[in-house]
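Below is one structure, written out as structure tokens; the observations come after it.
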Amino acid sequence: MVQRVAVVGAGVSGLAATKCCLEEGLEPTCFEQSEDIGGLWCYTDQAQEGRASIYRTVFTNSCKEMMCYSDFPFPDDHPNYMHNTRLQHYIRKYAKHFNLLQYIQFKTLVTKVKKRPDFSVTGQWEVVTQRDGKEETAVFDAVMVCSGHHVYPNLPITDFPGIQKFKGHYFHSREYKEPEKFRGKKVLVIGLGNSGSDIAVELSTVASQVYLSSRSGSWVMSRVWDNGYPWDMLILTRFRTWLGNILPRALSDWLYVRSMNRFFKHENFGLMPLDKTSRKEPVFNDDLPSRIACGVVVMKPNVKEFRETSVLFQDGTVQDDVDVVVFATGYSYSYPFMEDHSIIKSRDNQVTLYKGILPPQLEKPTMAVIGLVQSLGPIIPTADLQCRWAIKVFQGQCSLPPVSEMMDDIDEKMGKKLKWYGSSTTLQTDYITYMDELASAIGVKPSMLKLLLTDPRLALEVVFGPCTPYQYRLVGPGKWNGARKAILTQWDRTL
């Protein structure tokens with residue numbers, strides 16, 4: 001029986017894991033290498049080795065009703081989209097409310113996680129940690145890896161010929177904190193993701209010129225959608241997901257492109273994605289189109305080569321006197337503490353996890369990787385539900401199919417992902433479909449038919465309204481008595 005659980009990291013996933021363990025009567029020990037909780041959302045003035053890093057002005061891309069923990073709504077007076085300091089404040093309140101801090105060992109680095117010699121019988125792990133230069137080893141019945149995937153910068157220098165000759169300054173976006181020292185400079189930002197767009201827009205207020213280079217374009221969405229409501233309250237609904245699944249692909253693609261182009265035509269702004277029907281995560285930026293229209297951000301194609309002070313682009317244009325290059329080229333996920341790397345990346349160095357959580361090849365299902373998915377939905381409720389599912393698996397209350405079936409399931413989903421999201425985004429998944437799949441497995445997905453018969457008002461809000469996290473607390477294990485009220489008052493809090 002699983003009793004003692006090691007949780008690696010005290011970010012939003014690690015806190016959810018710790019709380020879920022306590023709810024189910026398990027004994028969690030959470031190891032956090034820094035001195036604070038919050039992970040990615042804990043801002044520091046300098047990027048620190050082995051930790052996620054954000055810039056000073058990061059705001060959330062999901063609104064508060066969609067991104068809260070499912071049994072802990074944000075206070076009414078919080079804005080719909082939050083600055084990182086405010087989100088960090090909420091995370092601290094959550095930890096305090098559920099008494100999680102006493103289970104966290106701060107300034108403790110996990111250096112090794114390895115199977116015990118009798119793993120095939122016990123399913124136990126040996127966890128080696130380091131604190132104040134001292135090494136400790138402890139045995140756990142299960143491990144929950146919650147260390148995130150925004151830690152190890154992906155800096156593909158080899159893809160950019162001539163970068164060694166470049167006389168200017170270049171660095172990865174994780175080093176970027178604030179714009180002031182770039183005043184009056186010409187800056188090239190490479191990468192049209194959320195960070196690249198944010199940094200380009202912010203630098204455009206001080207730099208003499210900003211160029212934003214993109215290899216494949218991207219859809220750019222505003223946080224503020226129809227009638228000024230938050231985008232995700234309108235788009236992430238069960239009805240829309242159902243419609244998207246039953247419509248013919250061609251019609252669904254046409255509607256998708258049309259809705260993405262509703263506020264401005266991406267083609268005219270040099271932003272059009274090469275694969276325009278791909279559902280890979282859009283960029284959320286309310287200011288980028290207006291910055292392009294004002295000429296302070298200039299869109300550029302991919303870089304062909306760097307020269308000493310200039311840059312040649314794929315379309316043959318050359319930009320002279322470039323002072324600074326910011327590589328907003330994302331992150332690679334890595335788990336340096338895993339002694340056997342093939343546990344998580346068991347095929348072609350690709351993450352191979354059943355339901356995006358469980359390494360399928362383990363003799364005993366006593367390890368879960370939390371938060372290693374990307375969807376067009378918020379990470380906090382996703383991680384929360386993943387933890388609830390994982391702990392039911394640890395306890396043997398949620399049965400798993402044989403390994404071959406788990407592998408088939410992973411392959412089938414990967415095939416669908418490649419079709420919908422393209423090859424670069426293998427972690428991508430559809431938010432509501434994924435959440436419902438986990439919820440069904442542990443008996444917490446609300447039955448629409450039953451709701452319609454017993455509580456029609458709630459049923460309409462659940463089907464046609466936003467798929468807020470409270471929906472997964474209406475029934476089953478972990479049921480929360482405030483869930484119904486939270487759903488029926490969510491628009492009031494938004495307003």
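What residue, among those in the range 90-138 that are among the polar types (S, T, N, Q) and within 30 Å of the chain's Cα centre (by Cα), is nearest to residue 341 (Cα to Cα)? Walk me through it before giving the result.
Within the range 90-138, the first condition is being among the polar types (S, T, N, Q), and the residues that meet it are 99, 102, 105, 108, 111, 120, 122, 124, 129-130, 137.
Checking which are within 30 Å of the chain's Cα centre (by Cα) leaves us with 99, 102, 105, 108, 111, 124, 129-130.
Numbers: 99: 34, 102: 31, 105: 25, 108: 21, 111: 13, 124: 17, 129: 18, 130: 20 Å.
Out of the qualifying residues, it is 111.
Kindly indicate which of 318, 324 is closer than 30 Å to residue 170 by Cβ and open to solvent by less than 10 Å² (accessible area, probe 1.4 Å).
Working: 318 fails: open to solvent by less than 10 Å² (accessible area, probe 1.4 Å).
So the residue among 318, 324 that is closer than 30 Å to residue 170 by Cβ and open to solvent by less than 10 Å² (accessible area, probe 1.4 Å) is 324.
Tally the residues that are over 24 Å from residue 279 (Cβ atoms) and in contact (Cβ under 8 Å) with a residue 60 or more places away in the chain, restricting the search to the range 176-199.
10
I'd like to verify a number: residues in the range 452-468 that are assigned to a helix (DSSP H, G or I) and either in contact (Cβ under 8 Å) with a residue 24 or more places away in the chain or buried (at least 16 other Cβ atoms within 10 Å of the Cβ) (or both), how many?
The initial filter retains those residues of the range 452-468 that are assigned to a helix (DSSP H, G or I), namely 452-454, 456-464.
So of that shortlist, the ones also either in contact (Cβ under 8 Å) with a residue 24 or more places away in the chain or buried (at least 16 other Cβ atoms within 10 Å of the Cβ) (or both) come out as 457-459, 461-464.
Selection size over the range 452-468: 7.
Looking at the range 76-112, which of its residues are open to solvent by less than 70 Å² (accessible area, probe 1.4 Å) and part of a loop (DSSP other than H, G, I, E, B)?
78, 79, 80, 81, 82, 98, 100, 106, 108
Only one of 231, 254, 225 is at pLDDT 90 or above, farther than 25 Å from residue 329 by Cβ and open to solvent by 40 Å² or more (accessible area, probe 1.4 Å). Can you tell me which? Before you say what the answer is, go through the steps one by one.
Details: 231 fails: open to solvent by 40 Å² or more (accessible area, probe 1.4 Å); 225 fails: open to solvent by 40 Å² or more (accessible area, probe 1.4 Å).
Selected residue: 254, the only one of 231, 254, 225 that is at pLDDT 90 or above, farther than 25 Å from residue 329 by Cβ and open to solvent by 40 Å² or more (accessible area, probe 1.4 Å).
Output the qualifying pairs, or none if there are none: Cβ atoms under 6 angstrom, residues six or more apart or on different chains, first residue in the range 469-490 and surrounded by 15 or more Cβ atoms within 10 Å (Cβ to Cβ), second residue part of a helix (DSSP H, G or I) and β-branched (Val, Ile, Thr).
If the second residue must be part of a helix (DSSP H, G or I) and β-branched (Val, Ile, Thr), the pairs left are 470/487; 471/462.
Hey, does the range 41-50 have a residue that's open to solvent by 30 Å² or more (accessible area, probe 1.4 Å), at pLDDT 90 or above and part of a helix (DSSP H, G or I)?
Yes, that holds for at least one residue.
Would you confirm whether any residue within the range 336-351 is in contact (Cβ under 8 Å) with a residue 40 or more places away in the chain, of a type in the set (Ser, Thr, Tyr), assigned by the TED database to the domain that holds residue 395 and part of a loop (DSSP other than H, G, I, E, B)?
Within the range 336-351, none of the residues are in contact (Cβ under 8 Å) with a residue 40 or more places away in the chain, of a type in the set (Ser, Thr, Tyr), assigned by the TED database to the domain that holds residue 395 and part of a loop (DSSP other than H, G, I, E, B).
Please work out which residue is modelled with the lowest pLDDT, limiting yourself to the range 1-32 and to residues that are assigned to a loop (DSSP other than H, G, I, E, B) and surrounded by fewer than 22 Cβ atoms within 10 Å (Cβ to Cβ). Explain how you work it out, then say what you get.
Just the residues of the range 1-32 that are assigned to a loop (DSSP other than H, G, I, E, B), to begin with: 1-3, 9-11, 24-26, 32.
Of the ones still in play, those that are also surrounded by fewer than 22 Cβ atoms within 10 Å (Cβ to Cβ) are 1-3, 24-26.
Working: 1: 82, 2: 87, 3: 95, 24: 95, 25: 96, 26: 97.
Among those that are assigned to a loop (DSSP other than H, G, I, E, B) and surrounded by fewer than 22 Cβ atoms within 10 Å (Cβ to Cβ), it is 1.
For residue 321, state whether it is among the acidic types (Asp, Glu), modelled with pLDDT under 95 and part of a loop (DSSP other than H, G, I, E, B).
no
Within the range 154-191, how many residues turn out to be of a type in the set (Phe, Trp, Tyr) and more than 27 Å from the chain's Cα centre (by Cα)?
Going through the range 154-191, the residues of a type in the set (Phe, Trp, Tyr) turn out to be 160, 166, 170-171, 176, 182.
Now drop any that are not more than 27 Å from the chain's Cα centre (by Cα), which leaves 160, 166, 182.
Total satisfying the criteria: 3.
So residue 250 fits all but one of (1) closer than 30 Å to residue 306 by Cβ; (2) out of contact with any helix residue (DSSP H, G or I) (no Cβ under 7 Å at 6 or more places or on another chain); what number is the exception?
(1)
In the range 278-294, which residues are touching a residue at least 40 places away in the same chain (Cβ under 8 Å) and open to solvent by less than 40 Å² (accessible area, probe 1.4 Å)?
Answer for the range 278-294, where residues must be touching a residue at least 40 places away in the same chain (Cβ under 8 Å) and open to solvent by less than 40 Å² (accessible area, probe 1.4 Å): 278, 279, 282, 283, 284, 285, 288, 289.
Taking the stated definitions as given, is residue 405 part of a loop (DSSP other than H, G, I, E, B), more than 26 Å from residue 232 (Cα to Cα), open to solvent by 40 Å² or more (accessible area, probe 1.4 Å) and modelled with pLDDT under 95? Lay out the reasoning, then the answer.
On the way: part of a loop (DSSP other than H, G, I, E, B): no; more than 26 Å from residue 232 (Cα to Cα): yes; open to solvent by 40 Å² or more (accessible area, probe 1.4 Å): yes; modelled with pLDDT under 95: yes.
No, not satisfied.
Can you confirm whether the range 452-459 contains a residue that is modelled with pLDDT of 95 or more and within 26 Å of the chain's Cα centre (by Cα)? Break it down stepwise before answering.
The initial filter retains those residues of the range 452-459 that are modelled with pLDDT of 95 or more, namely 452-459.
Checking the rest, the ones that are also within 26 Å of the chain's Cα centre (by Cα) come to none.
No; the residues of the range 452-459 include none that is modelled with pLDDT of 95 or more and within 26 Å of the chain's Cα centre (by Cα).
The values are calculated or read from the model by the stated rules, or taken from the named source; none is laboratory data. Nothing here was measured: the structure is a model prediction, and the numbers come from that model. Virtual Cβ from ideal backbone geometry, glycine too; neighbours counted across all protein chains shown. Remember, those area values only see protein heavy atoms, side chains included, never the ligands or the DNA or RNA. Shrake-Rupley method; radii C 1.70, N 1.55, O 1.52, S 1.80 Å.
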